[in-house]
Amino acid sequence: MSSIETCRLLIGGKWCDARTERYGDVWNPSTGDVIARVPMCGPDDVDRAAKAALAAWPDWRETPAPDRARFMFRFRDLLERHSESIAQCITREHGKTLAESRASVQRGIEMVEFACGLPSLLVGESIENLAPGVDCETIRHPLGVVAGITPFNFPAMVPLWMYPVALVCGNCFILKPSERVPLSALRVGELLLEAGIPPGVFSIVHGDKTCVDALLTHPGIRAISFVGSTAVARHVYTLGAAHHKRIQANGGAKNHLIIMPDADVEQTVAALKGSAFGCAGERCMAGSLAVAVGGGAGDVIERLCAEASRMSVGRTDTGAGVDMGPLITAQHVRRVRDHVEGAQREGAAVVVDGRAARVADAPGGFFFGPTIVDHVRPDMRIAHEEVFGPVLSVTRVESIEQAIALGQQCDFGNGAVIFTRSGRAAREFKHRFNAGMIGINIGVPAPMAWFPFTGWNESFFGDLHIQGREGMMFYTQQRMTMTRWFASKESDAHDPVWRPTKKK
Ligand code: NAD
């Protein structure tokens, strides 16, 4: 039997034990075995991490920005070198396929590359003679100690959305990874230490609501980046703001995929399959509701059903090539099943049914196969709630107007996609659809490091989004300085070319 590791905290540059009696289990979702224990930290551990970060901040803040970026160059090389072992760690604790884990590490590395170039974005603005003899400038300053709270679905990538940027901007960072997948975050944290990050500049604490609330209310922490479900995002935004913190909180999603009658059948089927069933549907940008417009999408849906039925589902931890791995926990499997059964009771048709998925060599794994629920009506629960599993609902409308109107009823607003050959339909959709990230013949329009993750409505709480220039703005505050130097007899006397400032 493999040993069960106990996750440690990273405080003041040292790995240490938590001061708590409360622990949770981390599973290998492919087998259902417990592979680690994670401490549920409380205010005491959070305070220790915050104090170490506050002590480290004065030196880190004064470290020149290019030197801070140099840590990221070294970190990037280490990530490249260890990317395969990180991908394996992700697959072991999360269950996604190795190919999916590798792709997520690559996306994370791109965030580090973006952070390597941040000094160019940190350059401020200035103008001479805004008034006679008066110059004005803005300079970006770091905030201080900031924290990141992350979800289970991208164990390494989502933390990497946050701390490379926060650190190069001159902040100290405390990470609270998901208690369901803490191992990959720890592995990547080890590499940051190996890159030479000074003690206290980067810390890791673990836990659930108790730990999150301690971060949200700690007086030494200036800002919180959060990614997770909408209910928790709202809580983070409300409690954090009440404690005078700057907040960016990404929430859940219900992404619509509009299929126009003129869509390319083959390309659309491939994109829908990847969008709905990639990463077992556990993606905030996963396609969740297919909206077939004008009765022309029959072929697409029929062929998608055939493709989904053929997908192989199995354990991912042995490196076997399967199309889809398990879900995160047995509890989550029950939640996804509950959604499908609810839709069936409300009158929808389960045309591809993944509920009976079993994997012979992993009877204890948390499996749920690809599922397509057709004839979903907008009033059904499955049409408007996030499922976060490999379940695609299909609804049918007469026109693009109706598809856009359906989007208007959606509480979320993360992503939306249109499949069409018509530039006019695509433009109309892009201009009017009620979501912040739009795909045109792209199944998962998740922005890469250089662009912000622009969720709308209940998919985002805050002002400045994660990634891109907005990410840098979130982790910095501007100072405006206005300057006037007066003429004086002493200085004028020593400078033959001096032209005194004209008095008004
Ligand atoms: P979650 O909200 O359950 O957990 C996210 C984080 O919040 C974890 O670190 C967890 O410990 C903490 N947490 C959980 N319950 C809490 C509570 N009651 N009070 C305070 N903190 C709490 O989310 P999850 O299940 O880990 O992740 C899936 C969700 O994340 C989905 O809704 C998905 O759409 C969303 N997500 C959104 C984005 C995005 O960019 N919008 C990206 C990835 C995932």
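With all pairs of different alpha carbon atoms counted, what Kirkwood hydrodynamic radius in Å does the chain show?
24.2
Which residue, chosen from 311, 412, 287, occupies the Cα position most advanced towards the positive end of the dipole of segment 255-440, where the dipole is computed from +1 (Lys, Arg) and -1 (Asp, Glu) charges on Cβ about the Cα centre?
Most positive-ward Cα: 412.
Using Cα-Cα distances under 8 Å and only pairs 6 or more residues apart, what relative contact order does the chain have, in percent?
Dividing the mean separation by the residue count of the chain yields 18 percent.
Considering every Cα-Cα pair within segment 194-265, what fraction, in whole percent, is farther apart than 16 Å?
Here the long-distance tail beyond 16 Å is 61 percent of all Cα pairs in segment 194-265.
Once you have the Cα-Cα distance between residue 432 and residue 238, take 0.36 nm times their residue separation minus that, and quote the gain in nm to one decimal.
Gain on extension, residue 432 to residue 238, equals 66.9 nm.
On a 0 to 90° scale, report how tilted helix 298-310 is relative to the longest principal axis of the chain, with both axes built from alpha carbons and the result rounded to the nearest 10.
The helix 298-310 is inclined about 90 degrees to the chain.
At 222 nm, what value in deg cm²/dmol follows for the chain if DSSP H runs of at least 4 each add -39500 (n - 2.57) and the sum is divided by all its residues, to the nearest 500?
-12000 deg cm²/dmol
State to the nearest 20 debye the size of the charge dipole of segment 255-440 about its Cα centre, where the only charges are +1 on K and R beta carbons and -1 on D and E beta carbons.
180
Beyond 24 Å, what share of the Cα-Cα pairs of segment 8-118 is found? Please give it as a whole percent.
Counting every Cα pair in segment 8-118, those more than 24 Å apart make up 48 percent.
At R0 = 60 Å, how high is the FRET efficiency between residue 51 and residue 318 if r is their beta carbon distance? Nearest 0.05 is fine.
0.85
Positive end of the dipole of segment 255-440, charges at C-beta (+1 Lys, Arg; -1 Asp, Glu), about the Cα centre: which of 402, 433, 371 has its Cα farthest in that direction?
The residue sitting farthest along the positive end of the dipole is 433.
Could you check the spin-label model distance between residue 67 and residue 358? Points 7 Å from the Cα along Cα→Cβ, value in nm.
The two pseudo-label positions are separated by 6.3 nm.
Could you list, in their original order, any pairs among 51/176; 209/254; 209/273 whose Cα atoms are separated by more than 27 Å?
Exceeds cut-off: 209/273.
So if I take the centroid of the Cα atoms in segment 49-115 and the same for segment 421-440, what is the distance between those two points in Å?
34
Among 386, 341, which comes first, then next, by fewest other beta-carbon atoms within 10 Å?
The order, fewest Cβ neighbours first, is 341, 386.
Which of the listed residues, 442, 38, 380, is farthest toward the dipole's positive end in the chain, when Lys, Arg count +1 and Asp, Glu count -1 at the beta-carbon?
The listed residue farthest towards the positive side: 38.
As an exercise, identify the trypsin sites (Lys or Arg not before Pro) in segment 450-496 lying in DSSP coil whose Cβ has no more than 12 other Cβ atoms within 10 Å.
Filter output for segment 450-496: empty list.
State, to one decimal in nm, how far the label point of residue 487 lies from the label point of residue 139, with both points 7 Å from Cα in the Cβ direction.
2.9
Report, for segment 255-440, the % of DSSP beta bridges that are antiparallel, rounded to 5.
Of the beta bridges lying entirely in segment 255-440, close to 10 percent run antiparallel.
For the pair residue 21/residue 131, report the inter-label distance in nm, with labels modelled 7 Å from Cα in the Cβ direction.
About 6.5 nm, to one decimal.
So what are the three principal axis dimensions of segment 255-440 from its Cα atoms, in whole Å, longest to shortest?
51, 31, 27
Treating the beta-carbon of each Lys and Arg as +1 and of each Asp and Glu as -1, no other charges, what is the dipole magnitude of the chain about its Cα centre, to the nearest 20 debye?
With only Lys, Arg, Asp and Glu charged at Cβ, the dipole is about 900 debye.
On a 0 to 90° scale, report how tilted helix 330-345 is relative to the longest principal axis of the chain, with both axes built from alpha carbons and the result rounded to the nearest 10.
Helix 330-345 sits at roughly 60 degrees to that axis.
None of the figures in this text is laboratory data; all of them are computed from the coordinates on show. Note that the coordinates shown come from a computational prediction; the quantities given were computed from them, not determined experimentally. Quick reminder, even Gly has a Cβ in these numbers, built from the backbone with ideal geometry, and neighbours come from all protein chains shown.
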